[in-house]
Amino acid sequence: MIPASEVWESLDQGAMKYLVVDVRSAEDFAKGHVPGAVHMPLQTLFRQANLSRLNASRKMIVLVCSTGHMESMALGGLVALGFEPYALRFGMIGWRAESRVKAGSSGQQDDVVHGLGAPVEQ
């Protein structure tokens with residue numbers, strides 16, 4: 001598992017070290033997703049073309065879905081094939097809920113608030 005705040009920090013610094021793979025439906029992906037995420041629905045994730053794309057990536061793979069359930073299923077399949085992916089903790093719910101710094105905080109990046117939301121690319 002990887003927290004949304006860690007992925008956001010990488011994105012915010014402009015040096016995205018993760019390949020975020022969204023395994024949700026096309027409709028859900030179109031409603032909003034992690035900026036820069038690639039769309040590979042769970043039903044097509046294990047096709048050779050997609051596996052080759054994942055294998056060619058030099059970035060850490062982070063799987064995301066709506067709640068964390070589908071990404072966990074995808075994670076198990078990819079691990080069985082020799083990949084070392086991460087699952088985004090709580091999926092898009094976690095992405096929308098975590099923010100790096102609390103309003104009125106000391107500004108430390110360790111301060112996490114739930115419910116403010118991170119940006120979603122639409």
Which count do you get for residues in the range 61-77 that are buried (at least 19 other Cβ atoms within 10 Å of the Cβ) and either out of contact with any helix residue (DSSP H, G or I) (no Cβ under 7 Å at 6 or more places or on another chain) or of a type outside the set (A, V, I, L, M) (or both)? 4
Going by the conditions given, is Ser105 surrounded by fewer than 11 Cβ atoms within 10 Å (Cβ to Cβ) and either in a loop (DSSP other than H, G, I, E, B) or at pLDDT 90 or above (or both)? no
Of the residues in the range 45-101 that are among the small types (Gly, Ala, Ser) and at positive phi, the one that is modelled with the lowest pLDDT is Gly68
Filter the range 1-60 for residues that are part of a helix (DSSP H, G or I) and in contact with a Lys or Arg (Cβ under 7 Å, 6 or more places away or on another chain); the one that is surrounded by the fewest Cβ atoms within 10 Å (Cβ to Cβ) is Glu9
Filter result for Leu51 (of a type in the set (A, V, I, L, M) and in contact with a strand residue (DSSP E or B) (Cβ under 8 Å, 6 or more places away or on another chain)): no
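The values are calculated or read from the model by the stated rules, or taken from the named source; none is laboratory data. These numbers come from a predicted model, not from an experiment. Cβ coordinates were reconstructed from backbone atoms using ideal geometry, including for glycine residues, and neighbour counts include every protein chain displayed.
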